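Read through the structure below, which is laid out as structure tokens, and then see the notes.
The values are calculated or read from the model by the stated rules, or taken from the named source; none is laboratory data. In this text, all values refer to a predicted model and were calculated from it rather than measured experimentally. Cβ sites come from the backbone with ideal geometry, for glycine too, and all protein chains shown count toward neighbours. Surface areas here come from the heavy atoms of the whole protein model, side chains and all, with no ligands, DNA or RNA. Shrake-Rupley method; radii C 1.70, N 1.55, O 1.52, S 1.80 Å.
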Amino acid sequence: MVFSSIRRIYFAVLRRLLLLWVRSETIDSSIFHSLRSDVLHVYVLQKPSISDLVVLDNECRKAGLNRPTARLNEATLEDVASFFYLRCEPDWAGRKSIQQLSPTLKKLVHAVESGRLDNMQIVPVSVYWGQSPDRETSPWKLLLADSWAVTGRLRRFFQVLILGHKTRVQFSAPIQLADLVAQGKGEERTQRMLHRLLRVHFRNSKAAVIGPDLSHRRNLVKALIHQPQVEQEIIAEAQRAGISIEKAQQRALKYGNEIASDYAYTAIRFLEVVLSWFWNKFYDGIEVNNLEGVREIAHGHEIIYVPCHRSHIDYLLMSYLLFTNGLTPPHIAAGINLNMPVIGGLLRRAGAFFMRRTFRGNPLYASVFNEYLHSLFSKGFPVEYFVEGGRSRTGRTLQPKTGMLAITLNSFIRSQRLPIVFVPVYIGYERVLEGRTYLGELRGASKKKESFFDVFRVIAAIRKQRFGQVSVNFGQPLKLAEFLDAQQPHWQESDTVHTPATTSRMAQHLATRIAQQINAAAAINPVNLVALALLSTQRLALDENALVRVINLYLSLLRSVPYSNHTSVPEGDGARIIAYVRDMQLLSEQQDALGRIYYLDEHHAVLMTYYRNNVLHVFALPALIASFFHSNARMTHAQILELSRALYPYLQAELFIHWSLDELDHVIDQWLASFVEHGLLKRDGETYQRPAPSSQHYVLLGLLSRTLLQTLQRFYMAIALLLNKGQSSLTAEQLEDLCTVMAQRLSILHGLNAPEFFDKSLFRHFIKTLLKEGVLQADEQGVLSYHKRLSVLAQSAAKRVLPPDIRLSIRQVTDDDDEAL
């Protein structure tokens, strides 16, 4: 198709008029780099639209690309413009063309097929009206934004008129026509194949940006109760409760309406306006890393986002971020406690679906919920849920819950209509909104029930505070099919994969893997580093020069041995980072004749443990190596590796460190080389020696080792208490309770400002890891006995990693508790 003189004049006039009003931008300009300069390219729009063509022409002009209305600079295609519509243009009367394939598409395929042209790049382009991250305030504009509804000429006129300032253009990766022709399917089949590829591409692109076309919520919920699994459970419910089938159906419908979201694109646009104001008002911005990997897998996959859970605004942050970057906001699993008046309705329209805390004792509810989630997965709508279950009050990644993962596994095993990909997401706050609430809960206050008025209380409390920046790091995507292949080869043909025991085991492995992948994408920020440095001191204080040295060391270590390819480290040096945290009023300072001293007051000391715990897993291995030299002036390479292997499974289980045991030796060697390079250790053949006690490097090594001190103390407490009690004298629950009491006493005696030090769940998980490693065994009554390796672990490992005074203190408290109890 080529523009005639009259049509060219008409287009030029219309272009001038439209561009007086229309403002557009390209969603992702990085795609321009994939265009080969030695090969001609042609743009393709999905359907005839002169306004879309004007916007495309304008974006090409701004990017310095060939204009779509220009003729192809090729002798064999002189009468062909540099664009075509996938759907054929209607005639002058507006009647649809009877042609199925675009004439330009046919000519291009013929030219390459006949050898007159070596290759041609076909570039799909989508234009979205009303898809912009800029501020939007009018509900009328929201009503006209792009959707799956058929767009008529009148609607398009109002779209251009009202949404002209809010237009976005998405260029997709070019299709190399020569690659299709090389398949040798003949000219006609190649034409149809190219047409089909483009049709599917446009459908997937639209789904990735504004979401798949979901049925009306009412129809969706009604359809749930007619699914075989739900129908069976309705009959069972009627028999259990002694009610009619109709009443059981009504009960199932009630559950479906309680659960299902009422996804409305207009609500997403409304929240985008509100959240744009929120982020600009209270935060210094959002830093996003590794989003390109999500874009690459968004097409043709069912995406499940699995972020860490630090704050209630995690829900909103993810949806806002994906929407403003041209990806579909997900359906989000939210606790039923958030289904409050006003707030609940808005969240439901923004994609939230609500779930009860437990399904126990209500198989009908469980069946409806499982079927609803399966319908979302089958339709390809992105979903988001938090594997931790609830928000972390301590800053650590919590032990993951397996319920949602088990439902996902069962759904995928039942029907692999779309491949499922988990996308781990790490969200790092320099200051979390609920900081004051968490501080109270860390000090022992009971958890408060959420209320609508909490929104206003939070806003009132945060007005005078600075919250810094939010970092969102997308981790390495995890394909569920590949995970299942590794866990159980040929699982598609296996009957055991459908058993609850197998599903539970796989869900547990999957949960651990996801938690490790979340932590592997950690975003380390200035507050994390200052918290790590000051909380490692006995008095929670350092002079300015010493604090600068410690933070510079941490930055250098992180850059020399990166935790993972998805981890981010702040820019700048120690002085700049300290000034930044001081400006956030998280540091106290005192000036004397010798200079400035920075310290943490009682209030901030507890709060800063939260930010230290965010990244404790990143520093676990270097801190462990440093702790080996507490009581040992020198150690051989073999001793370091042996001791690391002995303790690593427990650290990995608690902190979700991503390296496997097979990778451990190599990583330890990397850290040892870095320690030598930074002067923290000296190497003499196969022996490593700590610096002289009078040196600065000795002090730095000691501070680094104290990062992990409380974790190692808890390990030793549990082991010492078990050994004191003797074989077959305690159950796991009794040991857990005794450990908690002892840890509370020790924290009081030593003034520890870390409430998670006596967190019962940490002791519970450590005991489970001891059982998993075969160091402990439980009989039929749950009474524990231990292997002789436990004594070796207590005597050799503890003696090398804990200072003598701490070991003595723990033994004394253990003996006192033994007598008292």
* To do: Any residue in segment 763-780 that's open to solvent by 60 Å² or more (accessible area, probe 1.4 Å): show its pairings with residues that are of a type in the set (D, E, K, R) at Cβ separation under 9 Å, as long as the two are six or more apart or on different chains.
  => Arg764/Glu733; Arg764/Glu736; Glu773/Arg789
* Asked: Is there any pair with a first residue in segment 227-240 that is closer than 10 Å to Val368 by Cα and a second that is part of a helix (DSSP H, G or I) and acidic (Asp, Glu) whose Cβ atoms are under 8 Å apart and which are 6 or more apart or on different chains, and what are they?
  -> Gln227/Glu371; Gln229/Glu371; Val230/Glu371
* Could you please tell me which pairs satisfy a Cβ distance under 7 Å, a separation of 6+ or placement on different chains, a first residue in segment 412-426 that is at positive phi, and a second residue that is buried (at least 19 other Cβ atoms within 10 Å of the Cβ)? => none
* To do: Name every residue in segment 500-539 that is outside any helix (DSSP H, G or I) and either touching a residue at least 60 places away in the same chain (Cβ under 8 Å) or under 16 Å from Glu482 (Cα atoms) (or both), in order of residue number.
  => Ala521, Ala522, Ala523, Ile524, Asn525, Ser536, Thr537, Arg539
* Would a scan of segment 304-317 turn up a residue that is of a type in the set (Asp, Glu), surrounded by fewer than 23 Cβ atoms within 10 Å (Cβ to Cβ) and closer than 23 Å to Gly403 by Cα? -> yes
* To do: Would you check if Arg310 is touching a Lys or Arg at 6+ places or on another chain (Cβ under 7 Å) and assigned to a loop (DSSP other than H, G, I, E, B)?
  => yes
* Structure fact -> Scanning segment 335-363 residue by residue, those out of contact with any helix residue (DSSP H, G or I) (no Cβ under 8 Å at 6 or more places or on another chain), basic (Lys, Arg) and surrounded by 15 or more Cβ atoms within 10 Å (Cβ to Cβ) turn out to be Arg348
* Structure fact -> Being among the hydrophobic types (A, V, I, L, M, F, W, C), at pLDDT 95 or above, assigned to a loop (DSSP other than H, G, I, E, B) and crowded, with 21+ Cβ neighbours inside 10 Å narrows Leu704, Leu700, Leu680 down to just Leu680
* Among the residues of segment 9-27, is any open to solvent by 50 Å² or more (accessible area, probe 1.4 Å) and within 29 Å of Gly115 (Cα to Cα)? -> no
* Residue check for Ala692: of a type in the set (Gly, Ala, Ser) and part of a helix (DSSP H, G or I) -> no
* Counting only residues that are under 15 Å from the mean Cα position of the chain (by Cα) and β-branched (Val, Ile, Thr), which one in segment 372-411 is farthest from Pro500 (Cα to Cα)? -> Thr397
* Within the group Ser728, Ser747, Ser674, which residue is touching a helix residue (DSSP H, G or I) at 6+ places or on another chain (Cβ under 9 Å) and in contact (Cβ under 8 Å) with a residue 24 or more places away in the chain? -> Ser674
* To do: For segment 411-433, enumerate the residues that are surrounded by fewer than 22 Cβ atoms within 10 Å (Cβ to Cβ) and touching a Ser or Thr at 6+ places or on another chain (Cβ under 6 Å).
  => Arg417, Leu433
* Check whether at least one residue in segment 648-662 is over 28 Å from the mean Cα position of the chain (by Cα) and surrounded by fewer than 21 Cβ atoms within 10 Å (Cβ to Cβ), and report yes or no. => no
* What do you reckon, is Gln744 closer than 20 Å to Gly726 by Cβ and exposed (fewer than 15 other Cβ atoms within 10 Å of the Cβ)? -> no
* To do: Looking only at segment 237-257, decide whether some residue is closer than 15 Å to Met318 by Cβ and either out of contact with any Phe, Trp or Tyr (no Cβ under 9 Å at 6 or more places or on another chain) or not charged (D, E, K, R) (or both).
  => no
* Determine which single condition Gln670 fails, assuming it passes every other condition in (1) more than 30 Å from Ile767 (Cβ to Cβ); (2) part of a loop (DSSP other than H, G, I, E, B); (3) under 29 Å from the mean Cα position of the chain (by Cα). => (2)
* **Set Ala223, Ala238, Ala252: member being over 25 Å from Leu101 (Cα atoms), touching a Ser or Thr at 6+ places or on another chain (Cβ under 9 Å), open to solvent by 40 Å² or more (accessible area, probe 1.4 Å) and of a type in the set (A, V, I, L, M, F, W, C)** => Ala223
* Structure fact -> Those residues of segment 284-302 that are outside any helix (DSSP H, G or I) and open to solvent by 10 Å² or more (accessible area, probe 1.4 Å) come to a total of 11
* From Arg87, Arg61, residue being out of contact with any Ser or Thr (no Cβ under 6 Å at 6 or more places or on another chain), modelled with pLDDT of 80 or more, among the charged types (D, E, K, R) and not in a helix (DSSP H, G or I) -> Arg87
* **Top-ranked residue in segment 260-270 [being of a type outside the set (Phe, Trp, Tyr) and either modelled with pLDDT of 95 or more or open to solvent by 20 Å² or more (accessible area, probe 1.4 Å) (or both); ranked as farthest from Gly468 (Cα to Cα)]** => Asp262
* Determine if segment 457-477 includes at least one residue that is of a type in the set (D, E, K, R), in contact with a Leu (Cβ under 8 Å, 6 or more places away or on another chain) and modelled with pLDDT under 60. => no
* Any pair with Cβ under 7 angstrom, 6 or more apart, that starts in segment 45-74 at a residue that is of a type in the set (Gly, Ala, Ser) and ends at one that is open to solvent by less than 50 Å² (accessible area, probe 1.4 Å) and in a helix (DSSP H, G or I) -> Ser49/Arg156; Ser51/Leu18; Ser51/Arg156; Ser51/Val160; Ala63/Phe32
* Mind checking whether some residue in segment 601-619 is among the acidic types (Asp, Glu), more than 14 Å from Leu712 (Cβ to Cβ) and outside any helix (DSSP H, G or I)? -> yes
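Every residue, every condition in (1) open to solvent by 20 Å² or more (accessible area, probe 1.4 Å); (2) in contact with a helix residue (DSSP H, G or I) (Cβ under 6 Å, 6 or more places away or on another chain), yes or no:
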{"residue": "Tyr580", "(1), (2)": "yes, yes"}
{"residue": "Asp583", "(1), (2)": "yes, no"}
{"residue": "Arg596", "(1), (2)": "yes, yes"}
{"residue": "Ala605", "(1), (2)": "no, no"}
{"residue": "Met608", "(1), (2)": "no, yes"}
{"residue": "Arg612", "(1), (2)": "no, yes"}
{"residue": "Ala626", "(1), (2)": "no, yes"}
* Quick one: in segment 528-566, of everything that is surrounded by 22 or more Cβ atoms within 10 Å (Cβ to Cβ) and among the hydroxyl-bearing types (Ser, Thr, Tyr), which residue is nearest to the chain's Cα centre (by Cα)? => Tyr563
